[in-house]
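**Student:** First the structure, then my questions, so here it is.
The values are calculated or read from the model by the stated rules, or taken from the named source; none is laboratory data. Keep in mind that what you see is a predicted model, and the values were worked out from it rather than measured. Heads up, the Cβs are rebuilt from the backbone with ideal geometry, glycines too, and the neighbour counts pull from every protein chain shown.
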Amino acid sequence: MSRNILRYTSGSYILLLSILSCLALLYACSTPKPTKVTDHALATVEIDETVYFPTPSGDDVAVLPGAYEIKTERYGIRLIAEEGTETESMLIEAKATNHGALIPRPMALMLSNKKASRVITLLRPNSERWDAWGTTRSDEPARAAQRFHILNTEVLQHLDTRKQARAIIPQFSLASVSVRYKDSKKSHKGKKLKTTWRLPVNDTLNSGSFTFTWRGYWEKSALQPSFIPSKVVDLQNLVKKKQCCITLTINGEEAPLTRLSFGKRGTLLTRVHLDNVRVQTWPKTVKVIVTKGKKTWESAPTKIYAKAISYYKSVLHPIFSHDRCTTCHALGTHDEIVDMHQYRIGIEKFPYEFDPEARPQNPTFCQTCHNASNLGNEWVSPLAEQNIDWKGMDAIHVCRKVTGPFTNKGGEVGPPLNREQFTYYFHKDPRTLWAVSDGLTPSGKDLRVPLSNKLSLWFRKVDPWVEAGTPCPSTSKFFHRQRETLTEKFFPRK
């Protein structure tokens, strides 16, 4: 009897567990589960020209060419420079609407009309669409940019086209890129980012030798064997013939090769000499195509952005910050003039502590001594009001002082100098020529100068900079806050 009761109890327990399991399964199937949206990934947008966007605080910001990751915040979208993720970012004003499409992750792209208007459009998996409007014009407020209408279907079509293009698997991929300029002691090497490349490019020199190195792919699978350029017989024969059937295109145009060979690990090395390559002419899209009969090997179009190398900072700043220049560009008051002359020629020869004539911009007083033929008749120091004292300043601030705009003797600010005016000051102004190459004082003392008796070398250094528009080094590689459009804070509503 007891054994039957035990058997009955065990069976009932098992039956009860089965019923509960079925009920739990039915509940799980009938109860709707919340959809988990994975929105942790950031979308990336590529900006190929300087675009001015408004910020939520009312300022305008210049976003320089490059690739940027995007995320949304309360008052807009934040652009994060891909090269320095989280180290440099900028919040720009954006408006949120709905797109109504099912997408697995955030997607973004830059759109434009035929005029100056530009828009960054961001789609998120939660059906939000964010639009940030800007302009390529620097002479108008960014908030006034024309807003052309873009349908959701158009945005999705652009994104689908981009997705299809990226789905194609190329035989070649860019392994390295570098540039060497004439008389340069080293090559400047590019850096591979998440989606693009960035190459140090000079802001003044306009030609250089560029080397693009291409790798194949390495696979362990027998279905897709490794493709190593140097081990492909057809490629070996083409490289021996030099340039035959191997084409390098830059922005869709063929670039004549100056060198063709195999590099480390079997890569294909292509070198070209390029003109018109100052930093403002980038980004450039490169591609290599190899043809042998009916066979074709090619790379995907690869976009390379420029990282500015300041010619002024590396070549000219050591001259402009030299003691021959800063001596005069620090004499804005009577006391400074007296102290400098007493230091140079002695107190007994310049006892003018209380002489009011020992002041800037007094050619009559200065010409008493500064009358030698090598000094000319313009030997006067600038006034303090002209604000061109740059002694002890860094390259960025000295360059800004040199390039203007300048304040005249009357305290009026004039326009920046043009090319002809710069050429005069650097080629004919006796004070400049004395500071750079002469250094002979009225008392006969020969002071140290940057380029002693080498004016032709000075001209070769400074002329390319003037020709390029006297570019100055920048404090930022990605963003410039260069104008204010509103004085008060402005926070747009979503």
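**Student:** I'm checking my understanding of the structure. Among residues of segment 73-126 that are among the hydroxyl-bearing types (Ser, Thr, Tyr) and modelled with pLDDT under 90, which one is farthest from the chain's Cα centre (by Cα)?
**Tutor:** Filtering first and then ranking leaves 75.
**Student:** Moving to a separate point now. Of the residues that sit in segment 228-281 and are small (Gly, Ala, Ser) and within 30 Å of residue 477 (Cβ to Cβ), which one is surrounded by the fewest Cβ atoms within 10 Å (Cβ to Cβ)?
**Tutor:** Looking at residues that are small (Gly, Ala, Ser) and within 30 Å of residue 477 (Cβ to Cβ), I get 252.
**Student:** Taking segment 170-199 only, how many residues are in a loop (DSSP other than H, G, I, E, B) and at negative phi? Reasoning before the result, please.
**Tutor:** The first filter runs over segment 170-199 and keeps only residues in a loop (DSSP other than H, G, I, E, B), leaving 170-171, 181-187, 190, 193-196.
Imposing the further condition that a residue be at negative phi reduces the set to 170-171, 181-182, 184-187, 190, 193-196.
Matching residues across segment 170-199 total 13.
**Student:** I'm checking my understanding of the structure. Among residues of segment 291-319 that are modelled with pLDDT of 95 or more and assigned to a helix (DSSP H, G or I), which one is farthest from residue 162 (Cα to Cα)?
**Tutor:** By that ranking, first place goes to 319.
**Student:** Identify, by number, the condition in (1) surrounded by fewer than 16 Cβ atoms within 10 Å (Cβ to Cβ); (2) under 25 Å from residue 476 (Cβ atoms) that residue 108 doesn't meet.
**Tutor:** (1)
**Student:** Suppose we filter segment 189-207 for residues that are crowded, with 18+ Cβ neighbours inside 10 Å and farther than 15 Å from residue 300 by Cα; how many remain?
**Tutor:** 8
**Student:** So which of 434, 458, 465 ends up being touching a Ser or Thr at 6+ places or on another chain (Cβ under 9 Å), surrounded by 14 or more Cβ atoms within 10 Å (Cβ to Cβ) and closer than 14 Å to residue 322 by Cα? Walk me through it before giving the result.
**Tutor:** Numbers: 434 fails: touching a Ser or Thr at 6+ places or on another chain (Cβ under 9 Å); 465 fails: closer than 14 Å to residue 322 by Cα.
Checking each option against the conditions leaves just 458.
**Student:** Right, residue 274: without any contact (Cβ under 8 Å) to a residue 60 or more places away in the chain and among the hydrophobic types (A, V, I, L, M, F, W, C) or not?
**Tutor:** No.
**Student:** For residue 428, state whether it is outside the structural domain of residue 52 (by TED's automatic domain parsing), modelled with pLDDT of 90 or more, more than 26 Å from residue 51 (Cβ to Cβ) and within 32 Å of the chain's Cα centre (by Cα). So that I can check it myself, show each step before the final result.
**Tutor:** On the way: outside the structural domain of residue 52 (by TED's automatic domain parsing): yes; modelled with pLDDT of 90 or more: yes; more than 26 Å from residue 51 (Cβ to Cβ): yes; within 32 Å of the chain's Cα centre (by Cα): no.
It is false that residue 428 is outside the structural domain of residue 52 (by TED's automatic domain parsing), modelled with pLDDT of 90 or more, more than 26 Å from residue 51 (Cβ to Cβ) and within 32 Å of the chain's Cα centre (by Cα).
**Student:** Considering segment 82-93 alone, what residues qualify as being surrounded by fewer than 23 Cβ atoms within 10 Å (Cβ to Cβ) and under 25 Å from residue 197 (Cβ atoms)?
**Tutor:** 82, 83, 84, 85, 86, 87, 88, 89, 90
**Student:** Can you name the number of the only condition in (1) crowded, with 16+ Cβ neighbours inside 10 Å; (2) without any contact (Cβ under 8 Å) to a residue 40 or more places away in the chain that residue 124 fails?
**Tutor:** (2)
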